[in-house]
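The values are calculated or read from the model by the stated rules, or taken from the named source; none is laboratory data. Just so we're clear, the structure is a prediction, and the values are computed from it rather than from any experiment. With ideal geometry, Cβ positions are generated from the backbone for all residues, glycine too; neighbour counts draw on all protein chains shown.
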Amino acid sequence: MKNTLIVFTLLLFVLQGQAQSEPGTRYNKAKIYLNDHRIIKVSDLEINQITARFMDVKGNEETILPIQDITQIRIPKGNHLLLGTAFGTATLSLSALLIDLDTDPLGQPREKEAGFYLAMAGTGAALGALIGVLIPKWRSIPLKKKSLGFHRPIHLDINAQTNSLNLKITMRL
């Protein structure tokens, strides 16, 4: 029991350390979501507590952004191989059952052999796996934001041209 508690405690420390981005963390490929709702695809991303330095994929130029301007950073985690395989298998297996329920032009039921069902399920699995491999998974990186100045939680925006008043309240959790 004592060893289990020690292993569990160590595991918590290890997982907590992996969940936070350490100063000077580097990633080969990422997507940066900005406060103004733009998304930038980047390479060679380096994050520290105040800035993010990266190469913009479109412009091929090095850019430095303050972490305060970034809402979220996502990095590739793998692909959807298993989900695609399961979906493809289920879809073509159901299609095979529906084909079997159909009758021929004379009204006689069409009886299929087991090989037909296996071939349909296998084809669905192969097509689903191919599609799943091509679709990447993305994982969010938690950011430790350090403020360089005073944070105002309330922002009031008055627009006289459209006769609108916008009130934005932000809270740090």
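Out of the stretch 35-53, which residues are over 14 Å from residue 143 (Cα atoms), in contact with a Phe, Trp or Tyr (Cβ under 9 Å, 6 or more places away or on another chain) and not β-branched (Val, Ile, Thr)?
43, 44
Under 7 Å by Cβ, and 6 or more places apart or on different chains, what pairs join a residue from the stretch 17-37 that is modelled with pLDDT under 50 with one that is among the charged types (D, E, K, R)?
20/144; 21/144
So for the stretch 77-93 (the condition being among the charged types (D, E, K, R), modelled with pLDDT under 95 and more than 30 Å from residue 144 (Cβ to Cβ)), does at least one residue qualify?
Taking the stretch 77-93 and keeping what is among the charged types (D, E, K, R), we get 77.
Then keep just the ones that are modelled with pLDDT under 95; that gives 77.
Filter once more, so that each one left must be more than 30 Å from residue 144 (Cβ to Cβ): none.
Scanning the stretch 77-93, I find no residue that is among the charged types (D, E, K, R), modelled with pLDDT under 95 and more than 30 Å from residue 144 (Cβ to Cβ), so the answer is no.
Look at residue 130 and say whether it is over 30 Å from residue 29 (Cβ atoms), surrounded by 11 or more Cβ atoms within 10 Å (Cβ to Cβ) and over 16 Å from the mean Cα position of the chain (by Cα).
Numbers: over 30 Å from residue 29 (Cβ atoms): no; surrounded by 11 or more Cβ atoms within 10 Å (Cβ to Cβ): yes; over 16 Å from the mean Cα position of the chain (by Cα): yes.
Here the answer is no, as residue 130 does not meet what is asked.
Pull out all pairs, ordered by first then second residue, where Cβ-Cβ is under 6 Å, the residues are six or more apart or on different chains, the first lies in the stretch 109-123 and is free of Cβ contacts under 8 Å to residues at least 60 places away in the same chain, and the second is exposed (fewer than 12 other Cβ atoms within 10 Å of the Cβ).
Here the result reads 109/103; 110/104, each pair linking the stretch 109-123 to a residue that is exposed (fewer than 12 other Cβ atoms within 10 Å of the Cβ).
Restricting the search to the stretch 86-102, which residues are more than 35 Å from the chain's Cα centre (by Cα) and either in contact (Cβ under 8 Å) with a residue 12 or more places away in the chain or surrounded by 10 or more Cβ atoms within 10 Å (Cβ to Cβ) (or both)?
If we filter the stretch 86-102 for residues that are more than 35 Å from the chain's Cα centre (by Cα), which is where we start, we get 99-102.
Result: 99, 100.
Condition first: modelled with pLDDT of 85 or more and not hydrophobic (A, V, I, L, M, F, W, C). Now tell me which residues in the stretch 54-67 satisfy that. Full working, then the answer.
Step one: filter the stretch 54-67 for residues modelled with pLDDT of 85 or more, giving 54-55, 62-67.
Passing the criteria: 62, 63, 66.
Which number in (1) in contact with a Phe, Trp or Tyr (Cβ under 6 Å, 6 or more places away or on another chain); (2) buried (at least 17 other Cβ atoms within 10 Å of the Cβ) marks the one condition that residue 71 misses?
The number of the failed condition is (2).
Does residue 130 satisfy the criteria of being closer than 30 Å to residue 33 by Cβ and at pLDDT 90 or above? Steps first, please.
On the way: closer than 30 Å to residue 33 by Cβ: yes; at pLDDT 90 or above: yes.
So residue 130 fits the description; yes.
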